[in-house]
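Right, one structure below, let's go through it.
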Amino acid sequence: MVATVRLGALLGLVFLGSCSQNLNMSRIEADIQNDIERQGRRLSLKSVICPNRVEKQAEVYFRCVGELTDGGQFTVNVIQQDDQGTVSWDVPSSKVIINLASLEEKIQDETKAAVGKRLAIDCRDTYRASKRGDSFECDVVGAGAVAAGRVDSVLVKVTGDGDLEWQEVVISNTPVAPQGATAAGAETAPKTEAASKKPDAATTAVKPDPAAEEDEDDEGDRQ
C-alpha cells in the first residue's frame, strides 16, 4: 500500500514567569529554536521570529516564523495557556519541515486499515527537513506480524510536489534457499521486498545451460 499524507503538528510547552504585562518574546523565540534543533535530525535554524509585543492573556493565539539555515520558512503556532506567561507551541508539517511525531500517528492509523492491525511506528526524531526526492525509513517497534509476513519498517518518500508517500516493507513468509545450496542441506532465509511490489517473473525464469547442451551433442556424435 502507498499512502500520500499531509501532516499535523507536535506541541511544545514553555513557562515564562515575569512581572511584565507582555510576554518575553526573545525568550520564547530562543526556546522554540533550541527545542527544534535539539529534537530535529541535523536541523539548523537561522532564526525564529515572533511578534514584537504580545500581552499576557490566557488563550491568546499568535504565530511565529522559523527559517532554516539553508533556506525555507515555516510556521510555528503559539497559544498562551494562562495569563502568567505559560505558552504552548506546535510546528505543523509543511513543504519545508516534517513533524515526524505527527507522521508516526498517521502511518499507524493508515497501516491498521491496510494490514489489519495497528503497528507502533518510530521515525527516531521529532523534526526533519523536507527535501524533495528524499527518502527515509521509520521502524516498526515490537511485533509486526501480518498475514503476508512481518512488517519490518515503513519507507517514506518526499515527492516532487513536497508531499509524503509511504509504503510498508514486508519480510515475506516464503523461505528462499541460498544460491548454490542443495535442497536437502539448504538453510532458508526470508526475502525482503516492498509490500506494494510484485516479484518480476523474468528474474525467476530458469535459463538453459550451454555446457549441458554441448555434452548432449557430443554424446549423440559418439553414438
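If you check 142, 133, 149, 116, which single one turns out to be modelled with pLDDT under 90 and either surrounded by 18 or more Cβ atoms within 10 Å (Cβ to Cβ) or under 14 Å from the mean Cα position of the chain (by Cα) (or both)?
The conditions single out 149.
For the range 37-57, a residue qualifies if it is at pLDDT below 95 and surrounded by 14 or more Cβ atoms within 10 Å (Cβ to Cβ), and the qualifying residues are 39, 40, 41, 43. Taking the range 39-78, which residues are part of a loop (DSSP other than H, G, I, E, B) and closer than 30 Å to residue 122 by Cβ? 41, 42, 43, 44, 69, 70, 71, 72 - these are the residues of the range 39-78 that are part of a loop (DSSP other than H, G, I, E, B) and closer than 30 Å to residue 122 by Cβ. Reported count of residues in the range 93-143, each being charged (D, E, K, R), in contact with a Lys or Arg (Cβ under 8 Å, 6 or more places away or on another chain) and in a helix (DSSP H, G or I), is 2. On the given criteria, is residue 105 in contact with a strand residue (DSSP E or B) (Cβ under 7 Å, 6 or more places away or on another chain) and either surrounded by 14 or more Cβ atoms within 10 Å (Cβ to Cβ) or farther than 26 Å from residue 46 by Cβ (or both)? Judged against the criteria, residue 105 is not a match.
The values are calculated or read from the model by the stated rules, or taken from the named source; none is laboratory data. Bear in mind the structure is a predicted one, so any value in this text is a computation, not a measurement. Note that each Cβ is placed from the backbone with ideal geometry, even for glycine, and that neighbours are counted across all protein chains shown.
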